[in-house]
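Peer 1: Here's a structure for you.
The values are calculated or read from the model by the stated rules, or taken from the named source; none is laboratory data. Please read all numbers here as calculations on a predicted model, not as lab measurements. With ideal geometry, Cβ positions are generated from the backbone for all residues, glycine too; neighbour counts draw on all protein chains shown. Calculation scope for accessible area: heavy atoms of the full protein, side chains included, ligands and nucleic acids excluded. Shrake-Rupley method; radii C 1.70, N 1.55, O 1.52, S 1.80 Å.
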Amino acid sequence: MTKIRELKVGEWLPEVKLPPVSRLDLIKYAGASGDYNPIHTIDEEAKKAGLPGIIAHGMWTMGNLAKLFTPYYEEGFVQDYSVRFKSMVFLNDVVTLKATVKEKEDRALRFDVAAVNQDGKEVVKGEVVFSIY
Amino acid sequence: MFAEHIGKCSNKVKNVVERGAVKKFAEAIGDPHPIYWDEETGKKSRYQRNIAPPTFPRVFDYGVIEGLKLPSKGLIHGEQRFHYERPLFVGEELYCYAKVEDYYEKKSSMGELGFLVITNYGEDPSGNVIFTSTSTIIITEAVRKAMVV
């Protein structure tokens, strides 16, 4: 595995394509996070809220996106992680996670990160500052 | 409607970065890396123990901001930001509280949107801030009107 500190501006971490979003994924996240808002798990509640169906928790997608950095904890840690939730993630969507080096500093790398759906639409977009020890 | 709450804080609540909760959370975001749950991997790591994923602070109890009532439905999570001094250690105690950072309204195609910015803080037992987690919640005009009624 390449060391994260050796990446150059414009290079990226290996992309991860998630399996299609399942109801069980969202039920598990509701239980693990304590976010039981029913628009994420119950069809009728999502419809009542004016949605075509249940949607993933934004924080589920944000949590997934962070795992691109997990293999590099011996080199550093995620110091700053910020995102905008740009679009909704629905059941059966196929989300791909991406991180590209935007800037390199002495002790940190700044990444553009994004979660993109099967239509190429960004659902989550943000930035990670990975601090190097 | 929320501007009067700017600057208000909740009481501090003691939380523990629980091993089982970390494992369950890591599984729920599809990140089963052993650094989060395997004791041997944790001991051999530079942290000498297990750590928690960066979005884990979602699970903590941040207490109650007195007087701040949010609608139970129709809130939109617009933005989220985490800042860390170091990763969270499994088993450590953190003192957590929330603060209303800001509130403002902006005109948009969906009418006038309200933006409520709340920061969650996590301190170690000596009072050092280990992480902050800032959420921007969007409250639509329709939801605000329903609250007044």
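Peer 1: Inside 10 Å of the C-beta atoms of B:15-28, what's the mean count of C-beta atoms belonging to other chains?
Peer 2: 3
Peer 1: Now a separate question. Given chain A reduced to its alpha-carbon atoms as identical point scatterers, what log10 I(q)/I(0) does the Debye formula return at q = 0.13 Å⁻¹?
Peer 2: Results for chain A at q = 0.13 Å⁻¹ read -0.57.
Peer 1: Kindly write out, for region A:95-110 in residue order, the coupling ³J(HN,Hα) from the Karplus curve 6.51 cos²θ - 1.76 cosθ + 1.60 (θ = phi - 60°), rounded to whole Hz, with x marking Gly and Pro.
Peer 2: So the J values, rounded to whole Hz, are 9, 10, 9, 9, 8, 10, 6, 9, 8, 10, 10, 4, 10, 7, 10, 9.
Peer 1: In addition: Using only alpha carbon pairs under 8 Å that are at least six residues apart, calculate the relative contact order of chain B and give it in whole percent.
Peer 2: With pairs under 8 Å counted, the relative contact order is 28 percent.
Peer 1: Right, next: Only helical DSSP H runs with n ≥ 4 go in: add -39500 (n - 2.57) per run for chain A, normalise by residue count and round the 222 nm mean residue ellipticity to 500 deg cm²/dmol. Walk me through the numbers on the way to the answer.
Peer 2: Values: 3 runs with 26 residues, N = 133.
Dividing the helical sum by the residues of chain A leaves -5500 deg cm²/dmol.
Peer 1: In square angstrom, rounded to the nearest 10, how much accessible surface does A:MET88 have for a 1.4 Å probe?
Peer 2: That residue has around 80 Å² of solvent-accessible surface.
Peer 1: Per residue of A:34-40, what is the mean number of Cβ atoms on other protein chains within 10 angstrom of that residue's Cβ?
Peer 2: Neighbouring Cβ atoms belonging to other protein chains average 2 per residue here.
Peer 1: Next question. Run lengths n ≥ 4 of DSSP H only: what is the helix-derived mean residue ellipticity at 222 nm for chain B, with -39500 (n - 2.57) per run over all residues, to the nearest 500?
Peer 2: Values: 3 runs with 24 residues, N = 149.
The helix-only estimate for chain B comes to -4500 deg cm²/dmol at 222 nm.
Peer 1: Among A:75-84, A:24-33, B:12-21, what's the highest-first ranking by average C-beta atoms within 10 angstrom per residue?
Peer 2: Working: A:75-84: 20.4, A:24-33: 18.8, B:12-21: 15.3.
Descending packing order for the listed peptides: A:75-84, A:24-33, B:12-21.
Peer 1: Let me ask something else about it. What fraction, in whole percent, of alpha-carbon pairs in the protein assembly as shown exceed 22 Å separation? It would help to have the intermediate numbers written out before the result.
Peer 2: Values: 23533 of 39621 pairs.
Result: 59 percent of Cα pairs exceed 22 Å.
Peer 1: Something else now. When you look at the Cβ of every residue in B:73-80, what mean number of other chain Cβ atoms sits within 10 Å? Intermediate values should be presented prior to the final figure.
Peer 2: Details: counts 6, 3, 1, 3, 9, 5, 6, 10.
That works out to 5 on average.
Peer 1: For A:SER22 and A:LYS104, calculate 0.36 nm times their separation in residues minus their Cα-Cα distance, and state this gained length in nm to one decimal.
Peer 2: Details: separation 82, 0.36 × 82 = 29.52 nm, distance 3.69 nm.
Length gained, A:SER22 through A:LYS104: 25.8 nm.
Peer 1: Here's another thing I want to ask about it. Specify the angular offset, from 0 to 90 degrees and rounded to the nearest 10, of the alpha carbon long axis of helix A:23-33 from the longest principal axis of the alpha carbons in chain A.
Peer 2: Once rounded, one gets 70 degrees.
Peer 1: Further, regarding this structure: Report relative contact order for region A:1-116 in percent, whole number only (criteria: Cα-Cα under 8 Å, sequence separation at least 6).
Peer 2: 37 percent
Peer 1: Next question. Quick one: divide the alpha-carbon radius of gyration of region B:51-149 by 2.2 N^0.38 Å and tell me what you get.
Peer 2: Here the Cα radius of gyration is 1.24 times the empirical estimate.
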